[in-house]
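Asker: Below is one structure. I have some questions about it.
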């Protein structure tokens with residue numbers, strides 16, 4: 001939002017849980033004081049609380065004198081010297097997850113271009129949160145795979161494929177490392193205890209992504225859609241993986257990768 005040059009001050013926060021009655025402002029950029037940091041905003045109160053309650057963007061030209069909002073937070077806003085303020089809800093799977101603010105230090109009407117910049121930022125955040133939620137859901141599903149149940153292992157393999165496809169879209173570096181570590185644990189757990197493991201092939205992460213999709217029955221076109229690659233690129237990665245594994249067919253490549261502990 002700040003890089004757009006239209007909203008020099010930006011701040012916001014996420015709800016601690018879906019349906020929570022308030023959130024705290026935890027992220028600030030372009031501010032000169034800490035008057036807003038940690039501020040608890042309740043549903044219905046102030047500009048952000050109104051946005052949270054009504055699930056739509058709102059803006060005021062002069063925060064301190066606006067009749068469209070309540071004024072529980074005037075001191076904090078004035079402490080930062082803000083006048084025009086815009087609030088945009090962060091909505092993921094039809095649930096409001098937080099509020100993103102943009103602000104000016106002058107009482108100017110916030111027009112369509114600043115609103116568009118704020119909405120673009122909100123959509124980026126919504127997508128990042130959706131990916132993070134899905135990654136955490138899948139991680140929870142595969143914490144304790146039941147090795148004795150073939151049907152459970154098929155679910156684990158499908159989750160492994162989905163996790164690898166999600167990993168490249170996760171902006172949170174720590175969560176991405178957790179996802180890849182979980183993928184490695186799932187692959188290693190598929191090799192029975194005491195069984196001899198085939199020598200590891202030096203597959204690249206993308207080759208392994210493609211092979212994981214193929215292992216779940218995906219065609220090249222379906223794998224390309226999941227991994228956001230071109231079908232020709234998927235073919236190239238698959239050929240390279242097959243060559244490294246000494247396989248002549250897709251099935252042989254998957255079997256070799258499982259014996260090596262590269263796939264569950």
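Only the coordinates and a few stated rules stand behind these numbers; no lab work does. Since the structure is predicted, the reported quantities are computational estimates derived from the model, not experimental observations. Methodologically, a virtual Cβ is constructed for each residue, glycine included, from the backbone with ideal geometry; neighbour enumeration extends over all protein chains shown.
Asker: Mind pulling the angle between the C-alpha long axis of helix 205-215 and the longest principal axis of the chain? Nearest 10 degrees, somewhere in 0 to 90.
Answerer: It is inclined by approximately 70 degrees.
Asker: Can I ask one more? Taking the Cβ of each residue in 207, 134, 27 as the centre, tally the other Cβ atoms inside 10 Å and list the residues starting with the fewest.
Answerer: In increasing order of surrounding Cβ atoms, one gets 27, 134, 207.
Asker: Moving on. Compute the helix-to-body angle for 231-245: its Cα long axis versus the longest principal axis of the chain, expressed 0 to 90° and rounded to tens.
Answerer: Compared with the principal axis, the helix lies near 40 degrees.
Asker: Quick one: Debye curve from the alpha-carbon atoms of the chain only, equal weights, vacuum; give me log10 I(q)/I(0) at q = 0.07, 0.09, 0.11, 0.17 Å⁻¹ to two decimals.
Answerer: -0.38, -0.56, -0.71, -1.13
Asker: Now, a different point. P(r) for segment 2-131, please, calculated from all Cα pair distances in 10 Å bins and given in %.
Answerer: Spelled out bin by bin, segment 2-131 gives 14, 50, 33, 3 percent.
Asker: Still on this structure, please answer the following. How far is helix 173-189 tilted, in degrees, relative to the longest principal axis of the Cα atoms in the chain, given as a value from 0 to 90 rounded to the nearest 10?
Answerer: Result, in degrees: 20.
Asker: How do 131, 99 line up, fewest other C-beta atoms within 10 Å first?
Answerer: With the fewest neighbours first, 131, 99 line up as 131, 99.
Asker: Compute log10 of I(q)/I(0) for segment 64-131 with the Debye formula, placing one identical point scatterer on every Cα and leaving out solvent, at q = 0.11, 0.23, 0.29 Å⁻¹, to two decimals.
Answerer: Computed log10 I(q)/I(0) values: -0.32, -1.03, -1.23.
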